[in-house]
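**Student:** Structure provided below as C-alpha cells; questions to follow.
Every number here is computed from the coordinates shown, using simple stated rules; none is lab data. Bear in mind that the values here come from a model prediction, so they are computed numbers and not experimental data. Heads up, the Cβs are rebuilt from the backbone with ideal geometry, glycines too, and the neighbour counts pull from every protein chain shown.
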Amino acid sequence: MNRAWIGLGGNVGDPLHRMAAALRRLDAHPEISVEIVSPVYRTPPWGKTDQPDFLNACAGLRTEIEPAALLDLCLEVERALHRERRERWGPRTIDIDLLDYDGRRVATDRLVLPHPHMTQRAFVLVPLAEIAPKLTIDGETVQVWRERIATGGIELSEAGGDWWRDEARAED
C-alpha cells in the first residue's frame, strides 16, 4: 500500500461539512483508507487575500491507486460536492490537493509532486505537521518547513482527528 497526503480546505458555504463529506467519500472507496486526519484550522486566505478565512486540514491515506488516478478521484469528489473553479486562489466550497505520494517525484501538465507550493503555505504546513512532522519534502521534514514559515492568524477550529466522522455532517 502507498501512503498519500492530501490537503483539504474551503471558505464558502459550510467548508467543514464538505471537508468531512470528502474524507468520508474517499474512505468509502474500496482502494483507499483514510488513516489519519489533522485538526481543522481557520486560516487567512493565501494568494488572493480579499476573501473570507478558510478552514484547512490534512489527511494521510493508504491506497493502491496511482497518483494521477488519485488526483482524478479527488477532483471527482470536489465536483460531487459542488466545487466550481472560477478564480485562481479564489473562494471555494471545497478544495482537495494531493500533497505527496510516497515521496515520489512527478511532473506532468496535470500533476506535480510533491505539491509545488506546500512548503510556502502555512495553511498546509500547520495541519500537516500535526500528523506527519517527520514526512520529508525537498530534503527537510514538514516540521522544519513549518518552523520556517510565518503562522500568524492561524487558529485551531476543530481539535482532534475524528471531526470528519461526525454523522451529523451529512453528505450533500
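**Student:** Among bridges DSSP assigns within the chain, what percent are antiparallel (round to 5)?
**Tutor:** The antiparallel proportion sits near 100 percent.
**Student:** Another question about this same structure. Calculate the dipole size of the range 1-157 relative to its Cα centre from +1 charges on Lys and Arg beta carbons and -1 charges on Asp and Glu beta carbons; express the result in debye to the nearest 20.
**Tutor:** So the magnitude is around 200 debye.
**Student:** Would the range 2-165 count as rounded, prolate or oblate if I go by the C-alpha gyration tensor, calling it rounded below 1.5 in a/c and otherwise prolate when a/b exceeds b/c, oblate otherwise?
**Tutor:** Verdict is rounded for the range 2-165.
**Student:** Identify the residues of the range 59-76 with backbone N under 19 Å of a label point that sits 7 angstrom from the Cα of residue 33 along the Cα-to-Cβ direction, or state none.
**Tutor:** Answer for this model: 59-67, 70.
**Student:** At 222 nm, what value in deg cm²/dmol follows for the chain if DSSP H runs of at least 4 each add -39500 (n - 2.57) and the sum is divided by all its residues, to the nearest 500? Before the final figure, lay out each step's value.
**Tutor:** On the way: 4 runs with 45 residues, N = 172.
So the helix-based figure for the chain works out to -8000 deg cm²/dmol.
**Student:** Residue by residue, what Karplus-based ³J(HN,Hα) values in Hz, rounded to whole numbers, does the range 111-118 have, using 6.51, -1.76 and 1.60 with θ = phi - 60° and x for Gly and Pro?
**Tutor:** Those phi angles translate into 8, 10, 10, x, 3, x, 10, 4 Hz.
**Student:** Where does each of 99-108, 123-132 land if you order them by average Cβ count within 10 Å, highest first?
**Tutor:** 123-132, 99-108
**Student:** Which peptide among 52-65, 24-37 comes first, and what is the full order, when sorted by highest mean count of other Cβ atoms within 10 Å? Intermediate results must be reported in sequence, preceding the final value.
**Tutor:** Numbers: 52-65: 21.6, 24-37: 16.6.
Put in order of decreasing packing, that is 52-65, 24-37.
**Student:** Now for a separate question. Work out, step by step, the length gained on full extension between residue 111 and residue 64: first 0.36 nm times the residue separation, then minus their alpha carbon distance; give nm to one decimal.
**Tutor:** 15.2 nm
**Student:** If you don't mind, there's one more thing I want to ask. Enumerate the amide H contacts of residue 92 below 5 Å, restricted to partners 5 or more residues apart or on another chain; note that Pro and chain-start residues carry no placed amide H.
**Tutor:** The answer is 11, 12.
**Student:** Report the one residue of 123, 106, 143 whose Cα lies farthest in the direction of the positive end of the charge dipole of the range 60-150 (charges on C-beta: Lys and Arg +1, Asp and Glu -1; origin at the Cα centre).
**Tutor:** Sorting the options by dipole projection puts first 123.
**Student:** Next question. Could you grab the relative contact order for the range 18-120? Cα pairs under 8 Å, six or more apart, rounded to a whole percent.
**Tutor:** Relative CO of the range 18-120 lands at 22 percent.
**Student:** Let me ask you something else. Which whole-number percent gives the relative contact order of the chain, counting Cα pairs below 8 Å spaced six or more residues apart?
**Tutor:** 33
**Student:** Mean Kyte-Doolittle of at least 0.5 plus a Cα span of 15 Å or more along the axis: flag which DSSP H helices in the chain meet both, please. Write down the numbers at each step before the final one.
**Tutor:** Numbers: long enough: 15-28 (19 Å, -0.09); 67-80 (20 Å, 0.76).
Span-like helices, by this rule, are 67-80.
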